[in-house]
Amino acid sequence: MQIKIKWFGTANYILELGNVRLHFDPFFFRNENSFPELQTKKEEIKDINAIFISHGHFDHITEAGWLAENLEIPVYCSEIAKENIINHVEGKIIEDQKYSISEVAKNRIKTCKFHDKIQISPEVSVELIKSEHIKFDLVTILSRLFSWKFLKQIKSMAHLGKAFLMGDVFGFSTTYLDKNIISFGSLWHEYEDELRKHENCDIFIVPLAGNSKRHMAKKAGKMVDILKPKVVIPVHWDNFYPPISRLENLNPFYKYMENKHPNILIMMPKMDEEIVIDV
Ligand SMILES: [Zn+2]
């Protein structure tokens, strides 16, 4: 059996499971200094069954409204993320980011709760895992989040809060026949009981961003210890919106994996390129 994944930077990727294609955290709003450069345009995205949003931060939602409108597909997310998506589409958060969105498309954005299970087809379902957001340290916040360059593009300070409200944070347990893919939009390792439910999963898509390289390795490493996946796919390590983001150093994570989990395969995705995994 084959599982295909195409990554577009951040936690933005399409999972192809037989004839079902799921799009997670669509974010194509990268700036000109982002690295690696994303070639795929949102207009090229097609044949998607549903969109899933991990949380309401801007780097996880910017194209959700546009895709809901143009591909006529459902978006599953938290209440706050839904508000952010609609505010964003209506141009209330970031300048020059206004799409027209119909009431029908707005109604395609479905609010969900932890542990909801969405059946996509007889073979594919997605369950929402209770999770949280990685805690930024103060230095990260001051040096990167509040950059003047970014603030200039935000319509007003009043909308800044809306742009960053994250709401509930979901992880995803995607089941395709007897295979299980666990993925997150932000790294959260502390709900051990939640993670343990998904022990021995086939694929773990892990977001490596938002902390020092050592902390990231430790937190992601603990998740791998519990989940015991066969394959690990690191995402979110790209420099998606400098200076808010940076290219992450994954060496401590690689070292951890080499020492503790030499038998787990790490597949490093390349932007715009499909990975095919035989499971
Ligand atoms: Zn976030």
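The values are calculated or read from the model by the stated rules, or taken from the named source; none is laboratory data. Note that the coordinates shown come from a computational prediction; the quantities given were computed from them, not determined experimentally. FYI the Cβ positions are ideal-geometry reconstructions off the backbone, even for glycines, and counts take in every protein chain you see.
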Here's a check for you: in region 179-194, which residue that is out of contact with any Asp or Glu (no Cβ under 9 Å at 6 or more places or on another chain) and within 24 Å of D278 (Cα to Cα) is surrounded by the fewest Cβ atoms within 10 Å (Cβ to Cβ)? S183
Members of region 230-257 found to be out of contact with any Leu (no Cβ under 9 Å at 6 or more places or on another chain), more than 16 Å from F136 (Cα to Cα) and not hydrophobic (A, V, I, L, M, F, W, C), listed by number: Y241, P242, N249, N251, P252, Y254, K255, Y256
How many residues does region 1-51 hold that are out of contact with any His (no Cβ under 9 Å at 6 or more places or on another chain), under 19 Å from F204 (Cα atoms) and among the polar types (S, T, N, Q)? 1
Within the bounds of region 221-239, is there any residue that is small (G, A, S) and over 25 Å from K4 (Cα atoms)? no
If we keep just the residues of region 45-76 that are among the aromatic types (F, W, Y) and over 22 Å from L17 (Cα atoms), which is surrounded by the fewest Cβ atoms within 10 Å (Cβ to Cβ)? F58
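Quick one: which strands (runs of 3 or more DSSP E) lie wholly within region 1-44 and hold at least 2 residues that are surrounded by fewer than 19 Cβ atoms within 10 Å (Cβ to Cβ)? Lay out the reasoning, then the answer.
Working: elements: 2-7, 13-17, 20-24.
Qualifying strands (runs of 3 or more DSSP E): 2-7.
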Do we find a residue being farther than 14 Å from I5 by Cα, buried (at least 19 other Cβ atoms within 10 Å of the Cβ) and either in contact with a Cys (Cβ under 6 Å, 6 or more places away or on another chain) or at pLDDT 95 or above (or both) anywhere in region 259-270? no
Any residue in region 97-119 that's over 14 Å from S54 (Cα atoms): show its pairings with residues that are loosely packed, with under 13 Cβ neighbours inside 10 Å and not basic (K, R) at Cβ separation under 7 Å, as long as the two are six or more apart or on different chains. none
Kindly indicate whether any position in region 223-246 is in contact (Cβ under 8 Å) with a residue 40 or more places away in the chain, away from the ligand (no atom under 16 Å from the Cβ) and of a type in the set (D, E, K, R). yes
